[in-house]
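**Student:** The structure follows.
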Amino acid sequence: MDRDRHLLLARTRLPGGSRWLALDLVGGERIFAPADLRGPVAGAPGAIVVAGRGEECREHPDGGLVVSEDVFWSLLEPLGAAWDAEPLSADSVEAETTLRQLRRRALDGVRHWRVRDEGLRETCRGILRGHRPDLNRLLDLLDAMPLPAAAGESAETATGTTAATVLEPLPHDPDGIAAWLGSATGLGAVYGPRYGARWEQADMARAVAAALGEQRTLMVEAGTGVGKTLAYLVPVIAAILAGDGRAVVSTNTRALQQQILDHDLPLLAPLLAGKRWGLLMGRRNYLCLRQRQAYLSRPLENFADAVRAVAFRLWLDDSAAGMREELADHPLLGRDVAALFDAADLCLPGLCY
């Protein structure tokens, strides 16, 4: 730690330019403006500098180390390693604001690294040991650097409703469901001040609930802004709660799929009584255990192989289902998506997820 007193996050100021701006993640929010990164940074001897793209990392003669952002974010944010590569603004205030935003993200990543299983962290260190440059210097610094207190939790939940919200129970009959969608103490309590009753939405929900109850097909056409998604999700939830079953919602577009998963279902979570939801895709979208083992067992011939091996293990630790789309844009593992997910032969059913 005596030598590694600086961890600088650096980016260029102009597209294609050589003007750099760097913020020290260890020493508060001190700003540096190095002329270039080919040598030591004045005022930060032996600094570890995070800058650039790709897998390449290099050492400076003074003991400093340059680590690419691709490698850095793969270590700290395996599920969010794809980063915005835009250079900093030419405006100094905007540039420094961007760096401070990245600092908060990086510090959250350091906290995440520290709470990982100790065995996994030691495995990562062992994989990197003996390769040059020595990336364990960065991991040592992540373990030892002082961290400010994490920001406190907001009093509001992710849905925007507070813990004190009184939510009217969801009825199970079609008329009751329609009334709930148009009530200030029903859907209105979920939305809060943004709520406005949509009677077309309530009419559609009544029809959906009736079709579910009678186990028949229903085709509905409704204009933009009616709230079609909630008009079928709420009756589906009511049916699940009444019968203690499961439901599948098939969407025509990935955008609607993400809307349901990221917005609508979290919004309706108070109704679900602890029931869970998830994304279900075709089998080629999930990592096969045999492919997983083959990747974990491959020989590591150089630094780039070792870094990808570490990134893969950290992704496995964070991934809930081992989904292909999580790696599609990964800066280090994206090139290996075909090797991981496109098996030449069919998987053995007993060894698959």
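The values are calculated or read from the model by the stated rules, or taken from the named source; none is laboratory data. Owing to the predicted nature of the structure, the values given are computational and were not obtained by experimental measurement. Counting neighbours? That spans all protein chains shown, and the Cβs are built from the backbone with ideal geometry, glycine included. Accessible surface is based on the protein model in full, side chains and every heavy atom, while ligands, DNA and RNA are left aside. Shrake-Rupley method; radii C 1.70, N 1.55, O 1.52, S 1.80 Å.
**Student:** Of all residues in region 85-133, which are open to solvent by 30 Å² or more (accessible area, probe 1.4 Å), over 20 Å from A10 (Cα atoms) and either polar (S, T, N, Q) or touching a helix residue (DSSP H, G or I) at 6+ places or on another chain (Cβ under 9 Å) (or both)?
**Tutor:** Listed by number, the residues that qualify are H112, R114, D117, R121, T123, R129, G130, H131, R132.
**Student:** How many residues are open to solvent by 70 Å² or more (accessible area, probe 1.4 Å), not in a loop (DSSP other than H, G, I, E, B) and not polar (S, T, N, Q) when one looks only at region 245-274?
**Tutor:** 5
**Student:** Further, regarding this structure: Taking interchain pairs and intrachain pairs at least six residues apart, which have beta carbon atoms under 7 angstrom, with the first residue in region 326-339 and open to solvent by 20 Å² or more (accessible area, probe 1.4 Å) and the second at pLDDT below 95 and among the β-branched types (V, I, T)?
**Tutor:** Within 7 Å, the pairs are A328/V337.
**Student:** Looking at region 8-17, is at least one residue outside any strand (DSSP E or B), among the hydroxyl-bearing types (S, T, Y) and either in contact with a strand residue (DSSP E or B) (Cβ under 6 Å, 6 or more places away or on another chain) or at pLDDT 85 or above (or both)?
**Tutor:** Within region 8-17 (the criterion being outside any strand (DSSP E or B), among the hydroxyl-bearing types (S, T, Y) and either in contact with a strand residue (DSSP E or B) (Cβ under 6 Å, 6 or more places away or on another chain) or at pLDDT 85 or above (or both)), the answer is no, since none of the residues qualifies.
**Student:** Being surrounded by 11 or more Cβ atoms within 10 Å (Cβ to Cβ), modelled with pLDDT of 90 or more and part of a helix (DSSP H, G or I), is that true of even one residue in region 275-291?
**Tutor:** no
**Student:** Please give the helices (runs of 4 or more DSSP H) falling wholly within region 68-178 in which 2 or more residues are of a type in the set (S, T, N, Q) and modelled with pLDDT under 95. First the steps, then the outcome.
**Tutor:** Values: elements: 69-76, 92-114, 118-128, 136-144.
Because the criterion is at least 2 residues that are of a type in the set (S, T, N, Q) and modelled with pLDDT under 95, the helices (runs of 4 or more DSSP H) in region 68-178 that meet it are 92-114.
**Student:** What do you reckon, is T217 open to solvent by 70 Å² or more (accessible area, probe 1.4 Å) and over 31 Å from the mean Cα position of the chain (by Cα)?
**Tutor:** On the way: open to solvent by 70 Å² or more (accessible area, probe 1.4 Å): yes; over 31 Å from the mean Cα position of the chain (by Cα): yes.
Yes: the conditions hold for T217.
**Student:** Among the listed residues A207, A242, which satisfies the condition of being open to solvent by 60 Å² or more (accessible area, probe 1.4 Å), touching a residue at least 24 places away in the same chain (Cβ under 8 Å) and part of a helix (DSSP H, G or I)?
**Tutor:** Just a single option satisfies the conditions, and that option is A242.
**Student:** If I237 meets every condition in (1) touching a helix residue (DSSP H, G or I) at 6+ places or on another chain (Cβ under 9 Å); (2) open to solvent by 50 Å² or more (accessible area, probe 1.4 Å) apart from one, which number is that one?
**Tutor:** That leaves (2) as the condition not met.
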